[in-house]
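Have a look at this one.
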Amino acid sequence: MDQYDGSASDKSTITLPNDIDVADSESVNTAFRAVRDSSRLSLLVHSESPIHQRVRLSSADTSTIQSQAVGGYMQQVQPFVPYSYLRGYRSADVFTVLDLDTPAPTVFEPSRIYYCYNVWDRVANLYRRRISTGIPDETLSVQKTDNFAHYLGAFVTDSGRRPIPFVKSAGYYTFDYPGIFLLNPTTSTLVTYDLTPIIPRYCTRVRLRLNMFNLTATPDFCRVSAGGLEQPIPMHVSSNSLNYIDVVLRSNIVSARLSLGAVAAPSNQALIYLDGMWES
């Protein structure tokens, strides 16, 4: 008896045998092949669907990453004929530095983005945790180099190699107050910060928090950009102000400057922090 595993293609119709057809195996195999081809396609699409937006990640203790339970997805468990799948489910879990995919992991690198994966171990037939600097694929479904590693989300370490406290839900990351310090423009001279080491590869937009101080009697502006047009944020006279702005990342280089120069406003300044970011 021959095995047929399917070709992962959709068949809009199925050819059924008639009473006058020759009663051989091919008269029924044609229909069964079409059914198997369509089911293979459905299984493959579901196994490659991203789950990261349904996973809540967080860190509050600067040492571990908490992962919410997630289910309802398809997991491919065998990459060769006969292909096989199971209904994926991962219980709530905790990631630590011991889950790094490096030999004898002991510490994280400072000021670095890391990615969390749910990995199917094809030998032990169970899920394992993985923390890696290896990026996910463009669909944010799996690790770019491993189709059996479902992507869950990312976290950032500080200069002391500790995970920065955050909450990630539906693809949006919020950092605990005060966030990640980026820039301190004090004059009309442009200052810049490269976000590349601390944001996910496919981050599309960031939320910045601006603490601004204008101690003069002249209106000033803090002008912020990330590769696009500058956003002028008003700095009201003789006051301190707080603003949150969303910036589309046309570049990972965030830049900022004040409108007034040091001579006109020697005491003006802005403190700019990364408050949150979107991954999509």
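What ranking do Glu109, Glu138, Glu279 get, fewest neighbouring Cβ atoms within 10 angstrom at the top?
Glu138, Glu109, Glu279
Over the stretch 177-279, what relative contact order in percent results from Cα pairs under 8 Å that are six or more residues apart?
On the way: 267 pairs, mean separation 48.9, N = 103.
Averaging sequence separation for qualifying contacts and normalising by length gives 47 percent for the stretch 177-279.
What ³J(HN,Hα) values, in whole Hz, does the Karplus curve 6.51 cos²θ - 1.76 cosθ + 1.60 give for the stretch 172-178 when θ = phi - 60°, with x put for Gly and Pro?
10, 10, 10, 8, 4, 4, x
Each residue of the stretch 208-216 in order: what ³J(HN,Hα) in whole Hz does its phi give by Karplus 6.51 cos²θ - 1.76 cosθ + 1.60, θ = phi - 60°, with x for Gly and Pro?
10, 10, 10, 9, 10, 10, 10, 9, 9
What is the stretch 65-129 by shape, rounded, prolate or oblate, if you read a ≥ b ≥ c off the alpha carbon gyration tensor as root eigenvalues and call it rounded for a/c under 1.5, prolate for a/b larger than b/c, and oblate otherwise?
Prolate shape, in that a/c is at least 1.5 and a/b is the bigger ratio.
Next question. With a ≥ b ≥ c the root eigenvalues of the C-alpha gyration tensor of the stretch 214-253, is it rounded (a/c under 1.5), prolate (a/b larger than b/c) or oblate?
Numbers: a/c = 3.93, a/b = 2.54, b/c = 1.54.
It comes out prolate by the Cα gyration axes.
Can I ask one more? Hey, with R₀ at 35 Å, roughly what FRET efficiency would Thr102 and Arg250 work out to, going by the Cβ-Cβ distance, to 0.05?
Computed FRET efficiency for Thr102 and Arg250: 0.60.
For the stretch 128-137, what does the Karplus curve 6.51 cos²θ - 1.76 cosθ + 1.60, with θ = phi - 60°, yield as ³J(HN,Hα) per residue in whole Hz, taken in order and with x for Gly and Pro?
Working through the residues one at a time gives 10, 8, 8, 10, 8, 8, x, 6, x, 6 Hz.
Continuing with this model, one more query. Taking amide hydrogens as modeled 1.01 Å from N in the peptide plane, which residues meet the under 5 Å criterion relative to Arg130, leaving out close sequence neighbours?
Here the answer is Tyr117, Val119, since their amide H atoms fall under 5 Å of that of Arg130.
Would you grab the residues whose amide H sits under 5 Å from the one on Ile233? Only those 5+ places off in sequence or on another chain, please, with H modelled 1.01 Å from N.
Those lying under 5 Å, H to H, from Ile233 are Cys222, Arg223, Val224.
No value in this document is a laboratory result; all are computed from the given coordinates. Source: prediction; values computed, not measured. Cβ sites come from the backbone with ideal geometry, for glycine too, and all protein chains shown count toward neighbours.
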